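A short worksheet on the structure shown next.
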Amino acid sequence: MQQSIMTARASPFPSAEDKDRERQMKREAVMRTAASMFCERGYTATQMSDVASELGVTKPTIYYYFKNKEDVLVACFEAGFEMIQATLNREGEAAKTGAERLRDVLVAYSEILTQDYGKCTARISTADLSEESRERVSQQKRRFDNQVRSLFCDAVEDGSIPPCDIKIATFTVLSSLNGIGRWYKPDGDLSPDQVAQAVVDQLFKGIAWPEHN
């Protein structure tokens with residue numbers, strides 16, 4: 001009887017799952033704080049001691065979760081690309097025509113660029129990263145670029161947008177949208193959704209058939 005009572009009693013020690021969950025939450029807090037500072041101050045000007053001070057911890061605490069500042073930045077890039085990929089998986093299949101699918105993805109991508117992880121992918125240069133890290137980030141950028149090209153191809157093939165140079169169209173559209181990550185301010189007159197809709201509407205004036213503008 002005593003044994004069953006002790007078995008039913010909750011352990012005072014956190015489970016492995018609880019420990020992992022707590023670690024992920026703290027790691028995410030480091031990333032979010034660092035991403036905000038990278039976007040505001042720039043990667044070079046931001047020190048890990050600044051991030052630690054903002055979080056109220058010591059710098060060695062940061063290095064429990066990340067090897068160095070580069071490791072933090074790469075994690076921020078990857079978080080941004082995970083958000084983008086989730087958007088492609090969700091929005092890319094939702095609408096009917098190729099143009100609708102393309103537009104949905106571009107609007108969702110634009111909204112991501114108003115958030116710190118998205119801003120990192122647009123604002124922060126990879127020039128100061130190691131060759132290995134640059135290649136990791138470049139692979140994800142190329143993947144996204146290719147997926148948007150594929151959406152353009154689908155839209156041209158089903159006739160929902162006029163024939164165009166797919167490579168140039170993709171480059172032009174993504175370059176324009178990436179600008180959101182550089183100029184968007186949270187205290188502006190428009191919400192992230194309004195910004196995304198307005199910018200993509202403007203771009204589609206040069207993409208879609210006249211009757212769809």
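Within the accessible surface of the chain, defined with a 1.4 Å probe on protein heavy atoms only, the carbon and sulfur portion equals 50 percent. Under 22 Å of direct C-alpha separation, and excluding same-chain neighbours fewer than eight residues apart, K141 reaches these lysines: K69, K119, K167. Averaged per residue, the chain has 58 square angstrom of accessible surface, using a 1.4 angstrom probe with ligands and nucleic acids left out. What you get for the stretch 75-213, charging only the Cβ of Lys and Arg (+1) and of Asp and Glu (-1), is a dipole of about 260 debye around the Cα centre. Projected label points at D20 and E100, each 7 Å from Cα along the beta carbon direction, are separated by 4.0 nanometres. Ligands, DNA and RNA aside, Y117 has an accessible area near 10 Å² when probed at 1.4 Å.
Solvent-accessible surface (1.4 Å probe) assigned to D165 amounts to roughly 90 Å².
Stretched out fully, how many nm does the piece from K205 to Q85 gain, at 0.36 nm a residue minus the Cα gap?
Details: separation 120, 0.36 × 120 = 43.20 nm, distance 2.56 nm.
Contour length minus Cα-Cα distance gives 40.6 nm.
Taking the helices alone, the chain has a mean residue ellipticity at 222 nm of -23000 deg cm²/dmol, built from -39,500 (n - 2.57) per DSSP H run of at least 4 residues and averaged over all its residues.
Work out which helices of the chain, taken as complete DSSP H runs, extend at least 15 Å along their axis over the Cα atoms and score a mean Kyte-Doolittle of -0.5 or more, then list them.
On the way: long enough: 16-41 (37 Å, -1.30); 69-91 (33 Å, 0.08); 98-112 (21 Å, 0.14); 131-157 (38 Å, -1.39); 166-178 (18 Å, 1.15); 192-204 (18 Å, 0.28).
Going by DSSP H runs, the hits are 69-91, 98-112, 166-178, 192-204.
Positive-end ranking of C120, L106, S15 along the dipole of the chain, with charges on Cβ about the Cα centre, is headed by S15.
Positive-end ranking of F204, T172, M83 along the dipole of the chain, with charges on Cβ about the Cα centre, is headed by M83.
Please list E135, E78 in order of solvent-accessible area, largest first, computed with a 1.4 Å probe with all protein chains present. Intermediate results must be reported in sequence, preceding the final value.
Details: E135 75, E78 50 Å².
Sorted descending by solvent-accessible area, the residues read E135, E78.
Around the Cα centre of the stretch 135-178, unit charges on the Cβ atoms of Lys, Arg, Asp and Glu (plus for the first two, minus for the last two) sum to a dipole of about 300 debye.
The values are calculated or read from the model by the stated rules, or taken from the named source; none is laboratory data. This is a predicted model, so every value here is computed, not measured. Don't worry about glycine lacking a Cβ; one is built from the backbone with ideal geometry, like all the others, and counts go over all protein chains shown. Protein only, heavy atoms only, side chains kept; ligands, DNA and RNA dropped before computing areas. Shrake-Rupley method; radii C 1.70, N 1.55, O 1.52, S 1.80 Å.
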